[in-house]
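Encoded as structure tokens, the structure appears first; notes follow it.
The values are calculated or read from the model by the stated rules, or taken from the named source; none is laboratory data. Fair warning: this is a prediction, and the values are worked out from it, not measured in the lab. Ideal geometry is used to build each Cβ from the backbone, glycine not excepted, and the neighbour counts take in all protein chains shown.
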Amino acid sequence: MPPERRDTSVPPFVDPARPSIARVYDAFLGGTDNYEVDREVVRRVLKAAPEARDLAVENRRFLVRVCRFLAGQGGITQYLDCGSGLPTAENTHNVVRRAAPDARVVYVDNDPMVLAHSRALLEGNENAVILSEDIFEPERLLRNPVVRSRLDWNTPIALLQMGTLHHYNGEATRPRREIMRRYIDALPPGSYVAISHFLDPEDEFGAIARKMEDMFLHSMMGSGIFSTGAELRELFNGLEMVDPGLVRCAEWRPDGLLPRRLNAAQRCIAGGVARKP
């Protein structure tokens, strides 16, 4: 963990007494856009798995590799990044525009701090924008005028759900698979769907996954479900998976050699990319 620090200033639109998913993720990555309540969530999860910071690290690395693939090999120039989180050095638009300089990115989030930081970062950027919507309400989001006007819904689009669906708490009333089906049905042919998600590996590390899940769910954040591989495959609604399929994030087209043995956290986050025919 980074050294303890004082939270000297809090924007008026932020509640520092309640953790934010985006700020907790930032704290896992060692960022500075978080508060004591967010860092307490991180400390609790680290008690369950000392390597838990790698959940966030591998998720971010997976995002970067997926974006490189989509822009470079997939030829995708349009991106709908759901639950984009706080800006970092390697955001979706930074990565994809190296291969596709004219690529357009629509970021979606409803965290006030994410919106404020992202709008400042994207000011004057004609090809990237952020809007405030609930990513778990696809019908409303897909009708948003910015989404309709900034993206051409007659040509392929990449839908990114990176580390988002495991924070959905409405499974009993509307399953995640149904939410994803609504998005997938709306995508034009040739589009791609990329998902990363906490994984219950159903092996000797399964108990650690459930312990981390318990820490997330019983923190003030109240979300963070670890799902099995079979449950995660359902989220792609039968789409054709891109090689190597649904695997641990660290194993998806790695940039170099993997460590001989992945640690507990690296074994507990999975990702995959699929193409809509």
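A few notes on this one:
- Number of residues in the range 152-185 that are crowded, with 19+ Cβ neighbours inside 10 Å and either outside any loop (DSSP other than H, G, I, E, B) or aliphatic (A, V, I, L, M) (or both) equals 14.
- When residues of the range 58-116 are limited to those that are part of a helix (DSSP H, G or I) and among the basic types (K, R), the one nearest to D134 (Cα to Cα): R60
- Scoring A172 on the criteria (1) of a type outside the set (K, R); (2) more than 30 Å from A17 (Cα to Cα); (3) without any contact (Cβ under 8 Å) to a residue 24 or more places away in the chain leaves a single failure, condition (2).
Residue-wise test of (1) within 29 Å of P259 (Cα to Cα); (2) in contact with a Lys or Arg (Cβ under 8 Å, 6 or more places away or on another chain); (3) modelled with pLDDT of 95 or more.
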site: P3; (1), (2), (3): yes, no, no
site: S9; (1), (2), (3): no, no, no
site: D15; (1), (2), (3): no, no, no
site: D26; (1), (2), (3): yes, no, no
site: L29; (1), (2), (3): yes, yes, no
site: K47; (1), (2), (3): yes, no, no
site: V57; (1), (2), (3): yes, no, yes
site: R61; (1), (2), (3): yes, no, yes
site: R65; (1), (2), (3): yes, yes, yes
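- Filter result (of a type in the set (S, T, N, Q) and surrounded by fewer than 20 Cβ atoms within 10 Å (Cβ to Cβ)) within the range 69-113: Q73, T88, N94, N110
- The residue list S196, S219 contains one member that is touching a residue at least 12 places away in the same chain (Cβ under 8 Å), surrounded by 15 or more Cβ atoms within 10 Å (Cβ to Cβ) and out of contact with any Gly (no Cβ under 8 Å at 6 or more places or on another chain), which is S219.
- One residue stands out among those in the range 225-277 that are in contact with a Phe, Trp or Tyr (Cβ under 9 Å, 6 or more places away or on another chain) and in a helix (DSSP H, G or I): the one that is surrounded by the fewest Cβ atoms within 10 Å (Cβ to Cβ), which is A250.
- Within the range 136-151, the residues that satisfy the criterion of being assigned to a loop (DSSP other than H, G, I, E, B) and of a type in the set (A, V, I, L, M, F, W, C) are F136, L151.
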